[in-house]
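These notes concern the structure reproduced below.
Quick note: the coordinates plus some simple rules give every number you see, no bench work behind them. No experiment lies behind these values; they were computed from the predicted model shown. Cβ: placed from backbone, ideal geometry, glycine included. Neighbour counts: every protein chain shown.
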Number of protein chains: 2
Amino acid sequence: MKKFLLIPDSFKGTMSSREICSIMEKAILDNFLDATIISIPVADGGEGSVDAFLQAMGGEKVVTTVKGPYFEDMETFYGIIDNGHTAVIEMAACAGLPLVEDRKNPALTTTYGVGQLIADAIAKGCRKIIMGLGGSCTNDAGTGAAAALGAVFTNYNGNVFVPVGGTLKDIAHIDVSHLQHDLKEIELITMCDIDNPLYGESGAAYIFGPQKGATPDLVKELDSGLQHLDQIIQADLGLSLASVKGAGAAGGMGCGMVAFFGSKLQMGIETVLDTVHFDELLPDTDYVLSGEGKIDTQSIRGKVVIGIANRTKKANVPLIAVVGDIGDGIEEAYAKGVSGIFSINRVAVEYKDAKKRAKEDLYLTVDNIMRFLKRLGK
Amino acid sequence: MKKFLLIPDSFKGTMSSREICSIMEKAILDNFLDATIISIPVADGGEGSVDAFLQAMGGEKVVTTVKGPYFEDMETFYGIIDNGHTAVIEMAACAGLPLVEDRKNPALTTTYGVGQLIADAIAKGCRKIIMGLGGSCTNDAGTGAAAALGAVFTNYNGNVFVPVGGTLKDIAHIDVSHLQHDLKEIELITMCDIDNPLYGESGAAYIFGPQKGATPDLVKELDSGLQHLDQIIQADLGLSLASVKGAGAAGGMGCGMVAFFGSKLQMGIETVLDTVHFDELLPDTDYVLSGEGKIDTQSIRGKVVIGIANRTKKANVPLIAVVGDIGDGIEEAYAKGVSGIFSINRVAVEYKDAKKRAKEDLYLTVDNIMRFLKRLGK
């Protein structure tokens with residue numbers, strides 16, 4: 001009886017990780033009737049991450065009411081896994097771009113609700129929190145979330161306030177001594193796959209501001225605000241985070257998670273692999289199947305398939321990558337432990353046409369690999 | 001030490017069978033350094049068939065002078081393989097379309113030289129002749145070749161003549177009793193992969209006449225000529241061949257090979273497999289690699305890969321198909337014995353772009369399969 005572990009990334013714009021798992025499952029079972037299959041849809045921190053963890057590990061979806069992007073009350077959710085030990089929060093659940101649709105304005109929106117979700121999870125007894133960044137509508141660098149948990153932001157008039165993107169420049173002091181006490185005992189992991197620094201040309205405002213509705217003028221203003229915040233964090237918290245990779249993720253939330261909560265920033269796939277106890281699943285696994293929309297030199301620098309290869313190689317389990325396109329320079333992927341790389345492209349057509357047939361082509365590609373393995377008696 | 005047998009069809013318009021063999025060889029040797037590889041470029045009967053057989057089996061290329069398409073003397077060639085037992089002739093060598101370029105006229109051109117090549121091979125002691133059809137400029141139904149070997153065609157004035165496409169209608173009688181005596185002892189195999197009947201809408205003149213330079217009026221005339229010939233063959237030789245599949249191949253040469261020389265018409269791939277003694281090569285072979293430009297329901301009805309699968313399945317040797325496009329309805333290919341089907345398409349681009357990168361993509365695809373086999377310890 002064969003055991004398969006499925007842990008594909010999404011094919012962006014074509015199939016979700018969960019859809020891919022389910023198509024792979026079918027193709028495997030059509031060939032190995034009694035196969036044991038463990039599916040681990042890969043969360044990337046954005047929308048759908050909580051569901052992905054819940055599907056991979058089981059757990060509880062908690063529904064609660066917190067502040068939305070404009071400080072309005074809204075019902076939202078997070079997940080509790082690992083027998084209540086760990087909470088998974090996607091910041092998009094109460095600070096996500098789809099929540100503001102035609103009211104996009106990163107100068108005004110807040111991550112306050114994200115802090116409330118953290119508080120709720122701690123109150124429910126969670127001792128580890130996984131925070132998914134991505135898909136945010138905010139540029140407050142997590143100051144809202146910090147305020148919700150007790151951080152005190154004072155302006156130059158000595159008044160306490162909750163900063164938003166447009167008022168970061170007004171912060172005169174930050175006091176984290178009032179952060180709720182039990183936060184110190186919590187292990188915080190922030191899933192973060194992007195490298196952007198806090199501010200500057202590659203920073204949060206310049207790169208992600210426009211898609212959140214910022215005009216060129218507002219981008220400059222938001223960028224100045226982030227620079228100002230960086231100076232106050234240096235002065236009051238003694239931390240220099242501006243150029244940390246990922247500080248600029250999710251409107252500076254990457255910076256805020258480290259500065260205010262002492263979170264670790266970690267590759268999404270590493271977080272998933274650790275959380276699902278991937279290494280412990282490997283010893284009796286016959287094949288791991290992964291995949292991503294495109295494998296190339298860029299994905300070799302730290303995306304899903306290679307993250308998995310690092311672990312399957314150590315455990316000596318074959319890793320089959322089923323991908324959309326196979327780019328150039330993949331020699332290194334084999335060196336890093338990928339056993340075989342198979343594209344789902346079966347006919348020479350452009351992406352716009354390939355996309356329409358992707359689900360069927362994925363099925364047929366995995367079906368072919370399974371037939372081949374069966375034929376080889378493997 | 002692994003043993004591989006390579007026997008790919010050409011990817012029409014992209015790579016010849018021989019090029020594919022050489023790319024596959026490299027990809028295999030890059031992974032299995034001490035592999036034994038037997039390459040059998042697949043001849044389809046057209047131009048290059050003699051070279052393909054010679055490369056696959058070794059042998060001698062005979063250069064000789066015969067009549068060309070317009071009865072002019074020309075130097076051409078055929079191959080002798082199997083220790084002198086078998087000759088391989090491609091009719092295109094002295095009746096091929098490239099020989100007439102701007103003088104195309106299927107009413108005037110002859111297969112006379114093809115008969116001379118047969119005579120030459122017999123004179124050299126060959127006892128089996130493999131005739132490759134394809135790429136011809138003629139529509140004489142092999143009457144020229146028959147005349148060269150002693151068949152006598154008489155017109156309605158009682159005069160002996162050598163018919164061409166435009167004068168088939170003048171044949172009153174055919175006498176094959178003067179065919180050179182030793183022809184009876186010769187085994188003749190005609191490679192023929194097309195199904196067209198001798199005449200009619202799907203016949204030689206209507207389907208292939210235009211590309212040989214026939215105007216619509218001439219097509220009708222050639223078609224009548226073939227109909228007339230059919231009646232004379234029925235009357236004088238007692239054979240009814242018009243609707244035999246392949247009778248219309250190569251300007252009716254399919255019909256002529258059967259009518260005048262008692263040849264067998266046979267699928268090209270079957271001829272190749274028999275000739276290279278494929279079944280005897282299989283027992284200690286680890287993998288057979290084949291391929292074609294596109295595998296689909298049509299190719300399952302008798303093209304290269306499936307012809308090979310029939311044999312590898314019996315011998316229980318895995319057959320890996322590496323193809324351009326994978327069409328629909330290939331379920332049956334697995335049932336017929338193909339172990340795995342891998343497309344060389346690695347990125348979603350149109351054929352015009354895919355074509356340019358085909359050689360590299362073929363290498364990388366076979367390289368990937370070899371890496372995968374090695375990793376599986378197979």
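Which of the lysines could a cross-linker span from A:Lys356 if the Cα-Cα distance has to be under 26 Å and same-chain partners fewer than 8 positions apart are dropped?
Cα-Cα hits under 26 Å: A:Lys12, A:Lys26, A:Lys294, A:Lys303, B:Lys294, B:Lys352, B:Lys355, B:Lys356.
Given the C-alpha centroids of the range B:67-83 and the range B:1-66, what is the distance between them in whole angstrom?
After rounding, the separation between the Cα centres reads 23 Å.
Give me A:Tyr112, B:Tyr206 sorted ascending by neighbouring Cβ count inside 10 Å, so fewest comes first.
B:Tyr206, A:Tyr112
Which order results if A:Met74, A:Met370, A:Met253 are arranged by neighbouring Cβ count within 10 Å, fewest first?
Placing the least packed residue first, the sequence is A:Met74, A:Met370, A:Met253.
Across peptide B:227-234, what mean number of C-beta atoms from other chains lies inside 10 Å of a residue's C-beta?
Going residue by residue through B:227-234 and averaging, the value is 0.
Which of A:Pro8, A:Ala95, A:Val63 sits closest to the plus end of the dipole of the range A:1-141, meaning its Cα is farthest towards the positive end, when Lys and Arg get +1 and Asp and Glu get -1 on the C-beta?
Most positive-ward Cα: A:Pro8.
Could you work out how far helix B:358-375 tilts from the main Cα principal axis of chain B, as a 0 to 90 degree angle to the nearest 10?
Helix B:358-375 sits roughly 50 degrees off the main axis of chain B.
Taking chain A as a Gaussian network, where each spring joins two C-alpha atoms under 10 Å apart, which residue of A:Ile80, A:Ile122, A:Ile89 fluctuates the most?
A:Ile122
Amide H to amide H, which residues 5 or more places from A:Ser263 or on other chains are under 5 Å from it, using H placed in the peptide plane?
So A:Ser263 has HN proximity to A:Val258.
With the cut-off at 1.5 for a/c, could you classify the range B:1-138 from its C-alpha gyration tensor as rounded, prolate or oblate?
Oblate, since a/c reaches 1.5 and b/c is not below a/b.
Mind listing the label-point distances from B:Gly158 to the same position on all other copies, shortest first, one decimal in nm, points 7 Å along Cα→Cβ?
Copy-to-copy label distances for B:Gly158: 13.9 nm.
How would B:Tyr78, A:Tyr156 line up from fewest to most surrounding beta-carbon atoms within 10 angstrom?
Listed from fewest to most nearby Cβ atoms, that is A:Tyr156, B:Tyr78.
Work out from phi, with θ = phi - 60° and the Karplus expression 6.51 cos²θ - 1.76 cosθ + 1.60, the ³J(HN,Hα) of each residue of the range B:139-153, listed in order in whole Hz, and give x for Gly and Pro.
Once θ is set to phi - 60°, the couplings for the range B:139-153 become 9, 9, 6, x, 5, x, 4, 5, 4, 4, 9, x, 5, 10, 10 Hz.
With r defined as the distance between the Cβ atoms of A:Thr297 and B:Asp217 and R0 fixed at 56 Å, what FRET efficiency is calculated, to the nearest 0.05?
Once rounded, the FRET efficiency stands at 0.35.
Return the distance in nm (one decimal) between the two label points of a simple spin-label model at A:Ser224 and B:Asn155, each offset 7 Å from Cα along Cα→Cβ.
About 10.2 nm, to one decimal.
Quick check: the distance between the Cα centres of the range A:230-263 and the range B:351-378, to the nearest angstrom?
First find each Cα centre; the distance between them is then 46 Å.
Checking the a/c ratio against 1.5 first, then a/b against b/c, what shape does the Cα gyration tensor give for the range B:255-378?
Oblate is the answer for the range B:255-378, as a/c is 1.5 or above yet b/c matches or exceeds a/b.
Starting from the amide H of B:Ile37, placed 1.01 Å from N in the peptide plane, find each other amide H under 5 Å away whose residue is 5 or more places distant or on another chain.
It is B:Phe4, by chain and number.
State the three equivalent ellipsoid semi-axes of the protein assembly as shown, derived from the C-alpha gyration tensor as the square roots of 5 times its eigenvalues, in descending order and whole Å.
Result for the protein assembly as shown: semi-axes of 74, 26, 20 Å.
Out of all DSSP beta bridges with both ends in the range B:49-268, state the antiparallel percent to the nearest 5.
60
Rounded if a/c is under 1.5, else prolate if a/b is larger than b/c, else oblate: which is the range A:81-177, with a ≥ b ≥ c the root eigenvalues of its Cα gyration tensor?
oblate
Would you compute, from DSSP H runs of 4+ residues alone, the mean residue ellipticity of the protein assembly as shown at 222 nm, taking -39500 (n - 2.57) per run and dividing by the full residue count, rounded to the nearest 500?
-10000 deg cm²/dmol
Taking the DSSP beta bridges in chain A as the whole, what percent of them are antiparallel, to the nearest 5?
Percentage antiparallel, nearest 5: 40.
Can you give the average number of partner chain beta-carbon atoms within 10 Å of each beta-carbon in peptide B:335-346, as a whole number?
Taking all residues of B:335-346 together, the mean is 6.
Build a GNM of chain B with springs between Cα atoms under 10 Å: which of B:Pro318, B:Pro106, B:Pro163 gets the top mean-square fluctuation?
B:Pro318
Specify the residue with the greatest mean-square fluctuation among A:Gly166, A:Gly132, A:Gly254, computed from a Gaussian network of chain A linking alpha-carbon atoms under 10 Å apart.
Highest fluctuation of the listed residues: A:Gly166.
Under the Karplus relation 6.51 cos²θ - 1.76 cosθ + 1.60, θ = phi - 60°, what is the ordered set of whole-Hz ³J(HN,Hα) values for the range A:157-172, x standing for Gly and Pro?
So the Karplus estimates, Gly and Pro as x, are 8, x, 8, 7, 8, 9, x, 10, x, x, 10, 4, 5, 8, 6, 9 Hz.
Quick one: angle between helix A:17-29 and the longest Cα principal axis of chain A, in degrees between 0 and 90, rounded to 10, please.
Result, in degrees: 20.
Specify the angular offset, from 0 to 90 degrees and rounded to the nearest 10, of the alpha carbon long axis of helix B:304-315 from the longest principal axis of the alpha carbons in chain B.
60
What does the copy distance list look like for B:Met74, label position 7 Å along Cα→Cβ, in nm and ordered from shortest?
Counterpart label points of B:Met74 in the remaining copies fall at 7.8 nm.
From other protein chains only, count the Cβ atoms within 10 Å of every residue's Cβ in A:366-377, then give the mean.
5
Where the label is 7 Å out from Cα toward Cβ, how close does A:His277 come to the same position in every other copy, in nm, shortest first?
Computed spacing set for this position: 6.2 nm.
Could you derive backbone 3J(HN,Hα) for the range A:201-218 from the dihedral phi with the Karplus parameters 6.51, -1.76 and 1.60 (θ = phi - 60°), listing whole Hz in sequence and x where the residue is Gly or Pro?
3, 9, x, 4, 5, 5, 7, 10, x, x, 6, 9, x, 7, 6, x, 5, 5
How far apart, in nm, are two points set 7 Å out from the Cα along the Cα-to-Cβ line at A:Glu350 and at A:Phe77?
Computed distance between label sites A:Glu350 and A:Phe77 equals 3.8 nm.
Using amide H atoms built 1.01 Å from N in the peptide plane, name the residues 5+ places from B:Tyr199, or on other chains, whose amide H lies under 5 Å from its own.
HN-HN under 5 Å from B:Tyr199: B:Ala204.
Axis carrying A onto B: which residue of A has the nearest Cβ, and how far, whole Å?
It is A:Asn345, 2, counting Cβ atoms only.
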